[in-house]
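**Q** Structure below; questions to follow.
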Amino acid sequence: MPETVIERAAAATPAQIARPLRSLSDRALAWIFIAPTIFLLLAVNIFPLIWTIRLSFTNFRANRPNAEVQFVGLENYRRILTDPDVWATMQVTAHFLIATLVLQVVIGFALAWLINQKFRGNDLWTTIIVLPMMLSPAVVGNFWTFLYQPQIGLFNAAVSFFTGGDPAGFSMIGEVALAPWAIVIVDTWMWTPFVMLICLAGLRSIPQSIYEAAECDRASKWRQFVTITLPMVLPFLMLAVLFRGIENFKMFDLVVQLTGGGPGSTTELTSITLKREAFEKWRTGYASAYAIILFVAVFGISSIYVKALNKVKAR
Amino acid sequence: MKSRTRNYLAASASAATAASILAASSAQSAELTLCWAAWDPANALVELSKDFEAQSGHKMSFEFVPWPNFADRMLNELNSAGQLCDLMIGDSQWIGGSAESGHYVKLNDFFAAQGIDMADFIPATVTGYAEWPKGTPNYWALPAFGDVVGWTYRKDWFSRPDLQAEFQAKHGRALDAPKTLEELKQVAEFFQGREIDGKTVYGASIYTERGSEGITMGVTNALYNYGFQYGNPANPYELEGFVNSADAVAGLEFYKSLYDCCTPPGSSDWYMSENIDAYKSGQVAMQMNFAFIWPGVHADPNVGGDRSGYFPNPAGPNGHFAQLGGQGISVVSYSDNQEAALEYIKWFAQPAVQQRWWEMGGYSALRAVVEDPSFATSQPYAQTFLDSMAIVKDFWAEPAYASLLLAMQDRVHNYVVAGNGTAKEALDGLVQDWIEVFKDEGKL
């Protein structure tokens, strides 16, 4: 009588199936099990990537299926890399990334440090703080548009209350100088809790005994923070920066809802440009080249960053 | 002669086929899907189409998409040869691309077989909504909804004696619906920041939207009237000196000055619905908008009735034009229900149905309706609609219209709203962008 699950399964397998299976090597069996996953990955990730690379060397337009497709060599890449508007968009994206990452890391870490202190209502505050990241970006974009309304918006009213200025005197999403900050504020409001949660996990992973030893050595709180807390949380912080960096590089929905990339091109991120080229202008070949350039950039930067992260973790 | 005979035979055969298809199909009921934008006229069409359902036995369903996503959604559908829509009320600028890519069924033979004559429709709507190439008798749609940019104003504010007197003293003329763009700006400046009934109000809401087509549909109302042209009339793709002429630069500068002086704060990305909201909530004295909103304004409990008036886009120093809106109705070539769809178009083209369409809030393009002596007085905005339709001009309807449009959106928004560079630089840049598009298209 078979006793284990495996033995029972083997006993239940019909002989005509069991016999050829028994003759398979472990490696062959492993391939059979992972084949569906590999097939899916090839179909969903690798094939589109190869297809996109191929399209990037052509003048193909998806809205002209009957038109002749011509091989244009590196022309699409040349046009993109020599277009000042593309570089301006890259610059906007870089500014957005730096501003949001700095703010989210600083505020997220500070919040995590505060939440890590034991106080009454600790859990309630944690729940309240993480609420924004549970909302849909489209919803967040929509209601912040109302909050930023010069005449009826709460944001303008609040600023006016503290500064005494006219609430209708400035438009967060309509002015060149303010629009990038309008997006940074919303993204920070929404995603700082995510950074906070990762930092909190890092803070709670530090053994209490290290602090007790430092106390015995009469280390000040600041010294404990600089020599224990910060180095031990650093890998977590770097991980949060990696996640948020990748997410914000492809930021689309929030910006479209808030400013649509305007005023002018002040908040036009690369993802918006790419979408317009691919699905509004229908320059599929050109957009493919653009996507490949972005892919290489993100992949390169991420690889360097992950190496740095591994070094920090190994210390 | 031989060729003429062959053409005649071919036309007769097509007509006979179309007639037999219609006759045969009337016996079978189909489920037709009509695709259009989600707006007030679409709701009127749903009501109107109930008559068609009752008469034909076909069932109608509708796919309406809000304007900002309409082009994206529907052009994706057409480009992917989707079968969602049997009938498409597509934007006028899609006609070139849809004709050349084979998305729409050519309707010449059908029109001939059914006795539908394009001469019975307002000429501008035939050119704008149905023809490709423009100016040739190749029809891909039936004019379905005439539309044009015009203006709505607060007649009740304009008629206040104190404001009348103040305006008269300042400008030496009565405070009335403006006839020229300069007058429009004066009126807008007059109302900007004024307290009316304890509320701060503003001059005018104008189109400034960046993402789809908004600011282009707005700025052209100034550009055309200052002398902007899409190209050399004798050489269509010669842009230099026409798109960026000194007159065109002045027109763009005017639009920016209107945005800077006289619009509500925060109106940096406004299109149809935002302008309606601003007007109906009593924020602005005037609003630029397509004529489709006028029935809704007239019926509004706060600003409707005698409280609002309507006027065509004012003239500029070098012309008097207004941006054409509106759409034609086409049969989608990927539809399995083409016969029933053609039956719908035949029904829709009938004068009685077009008359009812107007009465329900749809702007008929049938001359028998709009040229009827009672038309001009049938609604307070009817005369303004007629006057506006007489001065229309449309954007490019080239297959590459989307690239041309987005380039203009970027250049104009960058100058008017963001204040980057000069009007000359914006239009010079636009010329370069458009030349690049036409080169890509093999037209230059």
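**Q** Restricting attention to segment A:253-277, which residues are open to solvent by 20 Å² or more (accessible area, probe 1.4 Å) and within 12 Å of chain B (Cβ to nearest Cβ)?
**A** A:VAL256, A:GLN257, A:SER265, A:THR266, A:LYS275 - these are the residues of segment A:253-277 that are open to solvent by 20 Å² or more (accessible area, probe 1.4 Å) and within 12 Å of chain B (Cβ to nearest Cβ).
**Q** Using beta carbons and a limit of 6 Å, which pairs, at least six apart or on different chains, have the first residue in segment B:132-160 and without any contact (Cβ under 8 Å) to a residue 60 or more places away in the chain and the second one open to solvent by less than 20 Å² (accessible area, probe 1.4 Å)?
**A** B:TYR139/B:LEU107; B:TYR139/B:ALA130
**Q** Restricting to segment B:329-359, count the residues that are under 14 Å from B:ILE116 (Cβ atoms) and either in the same structural domain as B:ARG154 (by TED's automatic domain parsing) or acidic (Asp, Glu) (or both).
**A** Of the residues in segment B:329-359, 1 are under 14 Å from B:ILE116 (Cβ atoms) and either in the same structural domain as B:ARG154 (by TED's automatic domain parsing) or acidic (Asp, Glu) (or both).
**Q** Kindly establish whether B:VAL437 is crowded, with 16+ Cβ neighbours inside 10 Å and either under 30 Å from B:CYS85 (Cα atoms) or at the interface with another protein chain (Cβ under 10 Å from one of its Cβ atoms) (or both).
**A** yes
**Q** Looking at segment B:184-192, can you tell me whether even one residue there is at pLDDT 95 or above and within 14 Å of chain A (Cβ to nearest Cβ)?
**A** Going through segment B:184-192, the residues at pLDDT 95 or above turn out to be B:184-192.
After this cut, where a residue has to be within 14 Å of chain A (Cβ to nearest Cβ) as well, the list is B:192.
Yes, some residue in segment B:184-192 is at pLDDT 95 or above and within 14 Å of chain A (Cβ to nearest Cβ).
**Q** Of the residues in segment B:394-426, how many are among the basic types (Lys, Arg) and at positive phi? Explain how you work it out, then say what you get.
**A** Here is the first cut: in segment B:394-426, the residues among the basic types (Lys, Arg) are B:411, B:424.
Next cut, at positive phi only: none.
Adding up the residues that qualify gives 0.
**Q** Let me ask something else. Would you check if there is a residue in segment B:135-155 being within 29 Å of B:ILE276 (Cα to Cα), surrounded by 21 or more Cβ atoms within 10 Å (Cβ to Cβ) and more than 22 Å from the chain's Cα centre (by Cα)?
**A** Yes - at least one qualifying residue is present in segment B:135-155.
**Q** Here's another thing I want to ask about it. Quickly run through segment A:65-114 and pick out the residues that are in a helix (DSSP H, G or I), of a type in the set (Gly, Ala, Ser) and surrounded by fewer than 18 Cβ atoms within 10 Å (Cβ to Cβ). Quick ask: steps written out before the conclusion?
**A** Restricting attention to segment A:65-114, the residues satisfying the condition of being in a helix (DSSP H, G or I) are A:75-81, A:84-114.
If we keep only those that are of a type in the set (Gly, Ala, Ser) too, we end up with A:88, A:94, A:99, A:108, A:110, A:112.
Those that are in a helix (DSSP H, G or I), of a type in the set (Gly, Ala, Ser) and surrounded by fewer than 18 Cβ atoms within 10 Å (Cβ to Cβ): A:ALA88, A:ALA94, A:ALA110.
**Q** Is it true that some residue in segment A:44-64 is at pLDDT below 85, part of a helix (DSSP H, G or I) and either touching a Leu at 6+ places or on another chain (Cβ under 9 Å) or polar (S, T, N, Q) (or both)? Spell out the reasoning first.
**A** Within segment A:44-64, the first condition is being at pLDDT below 85, and the residues that meet it are A:63-64.
So of that shortlist, the ones also part of a helix (DSSP H, G or I) come out as none.
No, segment A:44-64 has no match at all.
**Q** Another question, then. Kindly establish whether B:ASN69 is open to solvent by 50 Å² or more (accessible area, probe 1.4 Å), within 13 Å of chain A (Cβ to nearest Cβ) and touching a Gly at 6+ places or on another chain (Cβ under 9 Å).
**A** Criteria not met by B:ASN69.
**Q** Go through (1) open to solvent by 80 Å² or more (accessible area, probe 1.4 Å); (2) under 30 Å from A:MET238 (Cβ atoms) for A:ARG27 and report which single condition fails.
**A** A:ARG27 satisfies all of (1) open to solvent by 80 Å² or more (accessible area, probe 1.4 Å); (2) under 30 Å from A:MET238 (Cβ atoms) except (2).
**Q** Okay, next question. Given the conditions (1) within 14 Å of chain A (Cβ to nearest Cβ); (2) touching an Asp or Glu at 6+ places or on another chain (Cβ under 9 Å); (3) hydrophobic (A, V, I, L, M, F, W, C), which single one is not true for B:TRP396?
**A** (2)
**Q** Within segment A:141-177, how many residues turn out to be open to solvent by less than 50 Å² (accessible area, probe 1.4 Å) and not in a helix (DSSP H, G or I)?
**A** Number of matching residues: 10.
This table checks each residue for (1) closer than 21 Å to B:TYR271 by Cβ; (2) among the aromatic types (Phe, Trp, Tyr); (3) at pLDDT 95 or above.
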position: B:ALA113; (1), (2), (3): no, no, yes
position: B:ILE116; (1), (2), (3): no, no, yes
position: B:PRO123; (1), (2), (3): no, no, no
position: B:TYR153; (1), (2), (3): yes, yes, yes
position: B:LEU163; (1), (2), (3): no, no, yes
position: B:ASP197; (1), (2), (3): no, no, no
position: B:SER205; (1), (2), (3): yes, no, yes
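**Q** Return the total of residues in segment B:368-378 being closer than 16 Å to B:VAL126 by Cβ, surrounded by 18 or more Cβ atoms within 10 Å (Cβ to Cβ) and either of a type in the set (S, T, N, Q) or free of Cβ contacts under 8 Å to residues at least 60 places away in the same chain (or both).
**A** As a first pass, look at segment B:368-378 and keep what is closer than 16 Å to B:VAL126 by Cβ: B:368-371.
Add one more test, that the residue is surrounded by 18 or more Cβ atoms within 10 Å (Cβ to Cβ), and what stays is B:369-370.
Filter again for either of a type in the set (S, T, N, Q) or free of Cβ contacts under 8 Å to residues at least 60 places away in the same chain (or both), leaving B:369.
Matching residues across segment B:368-378 total 1.
**Q** Mind telling me which of the residues A:TYR290, A:TYR286 ends up being of a type in the set (Phe, Trp, Tyr) and within 14 Å of another protein chain (Cβ to nearest Cβ)?
**A** After applying the criteria, what remains is A:TYR286.
Quick grid of which residues meet (1) within 14 Å of chain A (Cβ to nearest Cβ); (2) open to solvent by less than 10 Å² (accessible area, probe 1.4 Å); (3) closer than 30 Å to B:ASN275 by Cα:
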position	(1), (2), (3)
B:ALA30	no, no, no
B:LEU34	no, yes, yes
B:GLU53	no, no, no
B:GLU63	no, no, yes
B:GLY82	yes, no, no
B:GLY96	yes, yes, yes
B:VAL105	no, no, no
B:ALA113	no, no, no
B:ILE116	no, no, no
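**Q** It is to be established whether one or more residues within segment B:288-295 are open to solvent by 20 Å² or more (accessible area, probe 1.4 Å), over 17 Å from B:ALA177 (Cα atoms) and either small (Gly, Ala, Ser) or at pLDDT below 95 (or both). Full working, then the answer.
**A** So the first thing to find is which residues in segment B:288-295 are open to solvent by 20 Å² or more (accessible area, probe 1.4 Å), and the list is B:295.
Filter again for over 17 Å from B:ALA177 (Cα atoms), leaving B:295.
Then drop every residue that is not either small (Gly, Ala, Ser) or at pLDDT below 95 (or both), which leaves B:295.
Yes - at least one qualifying residue is present in segment B:288-295.
**Q** Looking only at segment B:403-434, count every residue that is among the small types (Gly, Ala, Ser) and open to solvent by 20 Å² or more (accessible area, probe 1.4 Å) and tell me the total.
**A** The total comes to 2.
**Q** Looking only at residues in segment A:228-252 that are part of a helix (DSSP H, G or I) and without any contact (Cβ under 8 Å) to a residue 24 or more places away in the chain, which one is surrounded by the fewest Cβ atoms within 10 Å (Cβ to Cβ)?
**A** A:LEU230
**Q** Further, regarding this structure: Does B:ASP109 qualify as being more than 30 Å from B:PRO265 (Cα to Cα), open to solvent by 60 Å² or more (accessible area, probe 1.4 Å) and not in a loop (DSSP other than H, G, I, E, B)?
**A** The answer is yes for B:ASP109.
**Q** Return the pair list, or none, for Cβ contacts closer than 7 Å from residues in segment B:406-421 that are in contact (Cβ under 8 Å) with a residue 24 or more places away in the chain and at the interface with chain A (Cβ under 8 Å from one of its Cβ atoms) to residues that are outside any helix (DSSP H, G or I) and among the basic types (Lys, Arg), at least 6 apart or on different chains.
**A** As it stands, the answer is B:HIS413/B:ARG210, since those pairs meet every condition given.
**Q** Given (1) at pLDDT 95 or above; (2) open to solvent by 50 Å² or more (accessible area, probe 1.4 Å); (3) away from every other protein chain (no Cβ under 14 Å), identify the lone condition not met by B:TYR381.
**A** So the condition that B:TYR381 fails would be (2).
**Q** Considering only segment B:268-279, I want to know if a residue exists there that is away from every other protein chain (no Cβ under 14 Å), farther than 23 Å from A:LEU258 by Cβ and either in contact with a helix residue (DSSP H, G or I) (Cβ under 7 Å, 6 or more places away or on another chain) or part of a helix (DSSP H, G or I) (or both).
**A** yes
The values are calculated or read from the model by the stated rules, or taken from the named source; none is laboratory data. All values reported here derive from a predicted model rather than from experimental measurement. When we count neighbours, we look across all protein chains shown, and the Cβ atoms used for this are built from the backbone with ideal geometry, even at glycine. Surface areas here come from the heavy atoms of the whole protein model, side chains and all, with no ligands, DNA or RNA. Shrake-Rupley method; radii C 1.70, N 1.55, O 1.52, S 1.80 Å.
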